[in-house]
1. Simple spin-label model, 7 Å along Cα-to-Cβ: Ser25 to Lys143 in nm?
2. Relative to the Cα centre, what is the charge dipole magnitude of the chain, using +1 at the beta carbon of each Lys and Arg, -1 at the beta carbon of each Asp and Glu, and rounding to the nearest 20 debye?
3. Looking at the square roots a ≥ b ≥ c of the eigenvalues of the Cα gyration tensor of the stretch 56-185, which shape do they give, rounded for a/c under 1.5, prolate if a/b is larger than b/c, or oblate?
4. Using r as the Cβ-Cβ distance of Cys122 and Gln2, and R0 as 41 Å, what FRET efficiency do you calculate, to the nearest 0.05?
5. Given a 1.4 angstrom probe, what's the average accessible area per residue across the chain, in square angstrom?
6. Is the stretch 1-81 rounded, prolate or oblate when judged by the Cα gyration tensor, a ≥ b ≥ c being the square roots of its eigenvalues, rounded requiring a/c under 1.5 and prolate requiring a/b larger than b/c?
7. Cα centroid distance between the stretch 52-129 and the stretch 8-30, in Å?
8. Checking the a/c ratio against 1.5 first, then a/b against b/c, what shape does the Cα gyration tensor give for the stretch 104-164?
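The values are calculated or read from the model by the stated rules, or taken from the named source; none is laboratory data. Being a predicted model, the structure only gives us computed values, none of them experimental. So basically every Cβ, Gly included, is an ideal-geometry build from the backbone, and we count neighbours across all protein chains shown. Note: accessible area is taken over every heavy atom of the protein model, side chains too, but ligands, DNA and RNA are not part of it. Shrake-Rupley method; radii C 1.70, N 1.55, O 1.52, S 1.80 Å.
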Amino acid sequence: MQKIKILDIPFDNITKKEAPELAFSRISAKKKTVVVTPNAEIAQMCAEDENIKKVVCSADMILPDGEGVVLASKKLGTPLFEKVAGVEFGMDCVSLAAERGYSLFLLGGKEGVAEKAASELCSHFPALRIAGVRNGYFDRDSKENEHVLNQINKSGADILFVCLGAPTQEKWAAENRDKLSPLLICCLGGSLDIYSGNVKRAPKLFIKLRLEWLWRLLKEPTRIGRMMNLPKFLHSVNKYKKLQKRGTKC
């Protein structure tokens, strides 16, 4: 698999169709796999915090979730095939799990969100086996974390969706991957809110025009502070490009 570095993050140069098939081939090969889906905001977090970067880079699959990341790859002269949205990757994994008999555990969201997401997913994929669900509100530095790990492992789940928000979910997955029995661990941000129907994704026209970020901003104006990470990210990319030309590592 070709890797393309953006701010020293080795993104997988892979298509939306190939990504879930690669993940499931690793399940078949019994290879523990952590998947992360950094967008421009998360990539900028990595640029500003070396520890977050190390966590993200430790994942087995790093998918480019965001037009900003794809744009950056073009600016650097090493274009990625396309954006691989985490919410779509997750849904494709659900479809394959139902088709191939793998079970799924949903971790994250507020009380009741994971249960509702499970119900909605099963209504679309009747053959899907939900091994268990758990909200994302627990102390990750106490015995409660061990209880959550035991709950997941005792469920017998083959796949785990971790939806705790970035960078918490990436840190949690990296810290606990060797304690977890599911072979596929996917960090998918707010996907459970979308799967549950609590949050609506942008209309197809916005997605086609690469304006999903604008739709989210219109729906949640309080995101304006987070949106400022995009110009900061592009500035970091320009700096990274200049350093590359000089032969200096960013």
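1. It works out to 4.5 nm between the two label points.
2. On the way: 40 positive and 29 negative charges, 201 e Å.
With Lys and Arg at +1 and Asp and Glu at -1, about 960 debye.
3. Values: a/c = 2.01, a/b = 1.37, b/c = 1.47.
The shape class here is oblate.
4. Values: r = 36 Å, r/R0 = 0.88.
Calculated transfer efficiency: 0.70.
5. Working: 12370 Å² over 250 residues.
Spelled out: the 1.4 Å probe surface of the chain, per residue, equals 49 Å².
6. Details: a/c = 2.30, a/b = 1.35, b/c = 1.71.
Judged from the Cα gyration tensor, the stretch 1-81 comes out oblate (a/c at least 1.5, b/c at or above a/b).
7. Computed from Cα coordinates, the inter-centre distance equals 11 Å.
8. Working: a/c = 3.01, a/b = 1.60, b/c = 1.88.
It is oblate, given that a/c is not under 1.5 and a/b is not larger than b/c.
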